[in-house]
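As structure tokens, the structure follows; a few thoughts come after it.
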Amino acid sequence: MLMKKFNGLDRENSLIGMGVMRLLEDEKGKVDTNEAIRLLRYAIDNGINYIDTAYTYHGGMSEKIVGMALKDGYREKVILADKMPTWLLKSEEDAAGYFDKQLERLDVDCIDMYLIHNIIPANWKKTLKYNLLNFLDEKKAEGKIGHIGFSFHGEIDLFKEVIDAYPWEFCQIELNYLDKDSQAGLEGLEYARERGIDVIVMEPLKGGRISDKVPPSVQAIWDDAKARGVVSGDRTAAEWAFKWVAAQPGVSLILSGMNTYKQLDENIRIFSREDVGVLTGEEIEVIDRVAEEYNSKIRY
């Protein structure tokens, strides 16, 4: 498993992290808790050591299942990330209630990587109004938070404002080869990198839209690249997308929402390759062609 290292963290992190957002359900819509725990532990046993959850994921079940999965010595093997549901805050006092609930669900004393969740204009206003940054500083001083960051879904001007407002240790942005100029995008990645802030990337596969059910015209471009010898052997659409993100300077970790063993095994294979973050000029040209083809199909 290819490893990286966050600034200020005393241990290495796997370049691929597991986002526990969607849990598999049976035909009655019930989560199979035991199977979810087995899946998480399988990921950890195979080298994925960054586990990401949030207060609202799967109605709170995500935090509970992560907590159960980290029993039996697994807590010590991982870097645990969780997030404050800023949009739910109605007073300064609310933050403590949500945070204590998260510790209870996870059954831990400390959350290694703690984020203000989903920074958009309204949530940033609440962050400032309710002095959330001071609260997080206090929890870090108490040893209940390891590192403070934020996840972002706004526009680039807001991203720069947020970055400059506080000595963040890391941030989380959406980025893939179709969204280079959306939200924070590549400009935001570089802005954070120049300031020594680690960047976690979410949505590297755009919610599966650039890895599942690939349009024939796009698949033809991938196939042509293989036929011309641009790549040797088979390469899935997911691997192309992951390689593009991994090749961007400043990316410290890539989150993927894996909820099947098939997805896990493929991603473990991809991120076990030393060249996962290496792209040739020809490969970049192929990805640019694919991006153009996808964009030609988008109706505005």
Quiz item: How do 44-57, 155-168 rank on mean C-beta neighbours within 10 Å, highest first?
Solution: 44-57, 155-168
Exercise. For the range 197-300, run through the GluC sites (Glu not before Pro) and keep only the ones in DSSP coil with at most 15 other Cβ atoms within 10 Å of their Cβ.
Key: Glu274
Quiz item: Can you put Thr260, Thr86 in order of accessible area, largest first, using a 1.4 Å probe?
Solution: Thr260, Thr86
Exercise. Could you rank Leu189, Leu279 by how accessible they are, 1.4 Å probe, largest area first?
Key: Leu279, Leu189
Quiz item: Residue-wise, which Karplus ³J(HN,Hα) couplings in Hz belong to the range 111-119, taking 6.51 cos²θ - 1.76 cosθ + 1.60, θ = phi - 60°, and x for glycine or proline?
Solution: 9, 5, 10, 10, 10, 6, 7, 6, 6
Quiz item: Is there a pair in Lys5/Lys226; Lys5/Lys262; Lys28/Lys77; Lys28/Lys126; Lys64/Lys126 whose C-alpha atoms are over 29 Å apart, and which pairs would that be?
Solution: Lys5/Lys226; Lys28/Lys77; Lys28/Lys126
Quiz item: Whose amide H sits under 5 Å from the amide H of Met84, counting only residues 5 or more places off or on another chain, with H placed in the peptide plane?
Solution: Leu115, Ile116, His117
Quiz item: For the range 122-139, in order, what is each residue's ³J(HN,Hα) by Karplus, 6.51 cos²θ - 1.76 cosθ + 1.60 with θ = phi - 60°, in whole Hz (x at glycine and Pro)?
Solution: 5, 6, 5, 4, 5, 4, 6, 4, 9, 6, 5, 5, 5, 4, 5, 4, 4, 5
Practice problem: Starting at the first residue of the range 143-160, write each ³J(HN,Hα) from the Karplus equation 6.51 cos²θ - 1.76 cosθ + 1.60 with θ = phi - 60°, in whole Hz, x for Gly and Pro. | Solution: x, 9, 10, x, 9, 10, x, 8, 9, 9, 9, x, 9, 4, 5, 5, 4, 5
Exercise. Would you please classify the overall shape of the chain from the alpha carbon gyration tensor, given that a ≥ b ≥ c denote the square roots of the eigenvalues, rounded means a/c under 1.5, and beyond that prolate means a/b larger than b/c while oblate covers the rest?
Key: prolate
Quiz item: Pick from Ile16, Ile37, Ile284: which is most flexible by mean-square fluctuation in a GNM of the chain where alpha carbon atoms under 10 Å apart are linked?
Solution: Ile284
Quiz prompt | Residues with amide H under 5 Å from that of Met21, placed H, sequence gap 5 or more | solution = none
Exercise. Working from Cα positions, state the angle (0 to 90°, nearest 10) between the long axis of helix 33-45 and the longest principal axis of the chain.
Key: 70
Quiz item: Relative contact order, percent, of the chain when contacts are C-alpha pairs under 8 Å separated by at least 6 residues?
Solution: 19
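The values are calculated or read from the model by the stated rules, or taken from the named source; none is laboratory data. Here the structure is a predicted model, which means the values were calculated and not measured. Methodologically, a virtual Cβ is constructed for each residue, glycine included, from the backbone with ideal geometry; neighbour enumeration extends over all protein chains shown. Areas reflect the complete protein model, heavy atoms only, side chains present, ligands, DNA and RNA absent. Shrake-Rupley method; radii C 1.70, N 1.55, O 1.52, S 1.80 Å.
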